[in-house]
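Colleague: Take this structure, written in structure tokens, and hold onto it; I'll ask about it next.
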Amino acid sequence: MSHSGRIPDTHAEAWALLPFLINGRIAAEDREWVELHVQSCEECRRELETQRPLAKEMRDSLPSYASSEQRAFAKLWTRIEASESAVPADEDVAPVRVAGTAPRRTVRWLAAAVIVQAIGLALLGVTALNNSEELRGEFKTVTNGEVRPLGPAVRLVFTADTSMADVTEILARHQLELVGGPRGAGVFTAALADTTEEISAERIATDLRANAHVQFAEPVSQ
Amino acid sequence: MALKSIDTAPAPLRSALTDQQERELLARIAEKREQAAFRELYGIYYQRLTRLLSRMSMRREDIEEIINDTFWVVWTKASEFRGASQLSTWIIGIAYRRALNTLRRERLRPVGSEPISEDMISTPSSAQGEERSQWIQQGLDKLPLEQRLALELTYTMGHSCEEIATILSCPVNTVKTRLFRARETLKNVLPALAGGSGDFT
Ligand SMILES: [Zn+2]
């Protein structure tokens with residue numbers, strides 16, 4: 001009992017700290033006086049007896065999703081691979097690089113696609129989109145006149161069943177305009193049309209991901 | 001079940017690694033972009049975040065998305081973590097703020113799928129445990145979100161008062177107040193808890 005700090009020993013203060021006595025995370029300088037108080041306070045002892053089983057029940061009773069952890073991580077890693085391999089940050093919207101996608105990147109993209117397939121998602125739906133004459137005509141000008149977007153921008157990949165009308169609708173709904181792409185694996189860059197809008201690229205990407213036609217959506221770092 | 005028989009602190013759902021060890025994993029992620037370290041850190045937090053987020057009544061698909069968005073930030077910002085706080089409070093804090101955003105957004109849309117899905121596995125080992133667990137859950141559901149979270153972070157996740165204040169971005173005294181109110185409310189809605197009869201049902 002060499003403790004020389006304050007010894008408030010007030011019931012209210014001890015009472016407030018009881019949960020941390022229970023979970024073992026009470027500060028060292030508080031433990032001593034709280035334990036001392038509890039010894040002499042019937043009310044606090046009863047509270048401990050009530051709270052301990054509650055703590056135990058809460059800890060034991062929660063659902064566990066352990067079974068889906070592996071699949072969830074695979075999804076995340078695919079996302080990381082896709083964003084890092086498809087568009088290295090600096091080359092992102094540089095017009096010179098747009099025309100040819102380096103073979104290595106394509107290979108990594110394919111690897112990412114295989115993972116996606118393996119975990120039960122639809123394979124990256126890029127072929128249909130790229131083969132569409134209509135889309136080609138539409139996006140060529142975009143690709144050639146690409147400029148670094150000023151406002152928040154995202155990269156996105158549409159699913160195979162996405163029509164031109166779907167793309168137009170998605171862009172309109174999120175107030176986006178295409179500023180780049182398609183890149184080798186069907187990666188488009190889209191930027192917020194109205195740059196005075198207060199919305200982050202992260203938020204746009206999150207919203208886009210909720211759309212069934214969007215296979216990938218990632219914010220572009222500015 | 002006799003309440004008095006339980007007088008040892010339940011082992012909270014804490015990381016098996018120390019903060020220092022977790023920081024070493026983060027350093028490997030930041031400096032070497034090491035997938036193995038990233039995978040390990042992800043595994044350490046997956047279950048804990050799942051539990052926390054399901055206590056926030058998040059939908060199943062949202063939980064996974066929030067965890068992955070959180071770890072997306074961990075991957076991309078690993079080198080920016082300055083370490084003023086514990087790594088765990090940083091990571092859990094990110095997930096908490098993302099979850100709040102999602103909840104806010106979802107309030108604007110019609111109620112969609114159920115918060116609970118078929119691949120949810122409950123851990124109670126007996127039917128009796130299942131019943132108790134539901135009973136507790138019903139009580140917790142009556143608490144405001146902040147109080148439920150404070151209790152969850154304390155009892156299930158085993159955080160200190162200061163750590164919880166960091167995660168929830170609020171003063172330490174606010175944490176204490178929320179816990180105080182949660183305890184009082186639970187005693188009212190779950191009288192058997194306060195009665196100390198030892199009978200949960
Ligand atoms: Zn007392």
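All of the numbers you see were taken from the coordinates with simple rules; none came from a lab. None of these values were measured; they are calculated from a predicted model. Using ideal geometry, Cβ is built from the backbone for each residue, glycine included, and neighbour counts are taken over all protein chains shown.
Colleague: Amide H of A:V214 versus every other amide H placed in the peptide plane: which residues, excluding those fewer than 5 positions away on the same chain, fall under 5 Å?
Modeller: Amide H neighbours of A:V214: A:T159.
Colleague: Measuring from label point to label point, each 7 Å out along Cα→Cβ, what is the B:R23 to A:R173 span in nm?
Modeller: Those two pseudo-labels are separated by 4.5 nm.
Colleague: Between B:V172 and B:K32, 0.36 nm times their residue separation minus their Cα-Cα distance comes to what? Could the numbers behind the result be given before it?
Modeller: Values: separation 140, 0.36 × 140 = 50.40 nm, distance 3.65 nm.
Once the chain is fully extended between B:V172 and B:K32, it gains 46.7 nm.
Colleague: Between Rg and the Kirkwood Rh of segment B:126-195, both from Cα atoms, what is the Rg to Rh ratio?
Modeller: 1.02
Colleague: Please list the radius of gyration and Dmax for segment B:10-110, considering alpha-carbon atoms only, with Å as the unit.
Modeller: Rg and Dmax of segment B:10-110, Cα atoms, are 14.0, 44 Å.
Colleague: How much length is gained on full extension from B:E40 to B:E106, taking 0.36 nm per residue of separation minus their Cα-Cα distance? Before the final figure, lay out each step's value.
Modeller: Working: separation 66, 0.36 × 66 = 23.76 nm, distance 3.13 nm.
Result: 20.6 nm gained on full extension.
Colleague: For segment A:11-61, count the residues as N, evaluate 2.2 N^0.38 Å, and divide the Cα radius of gyration by that value, please.
Modeller: Against the compact-globule rule of thumb, the ratio is 1.11.
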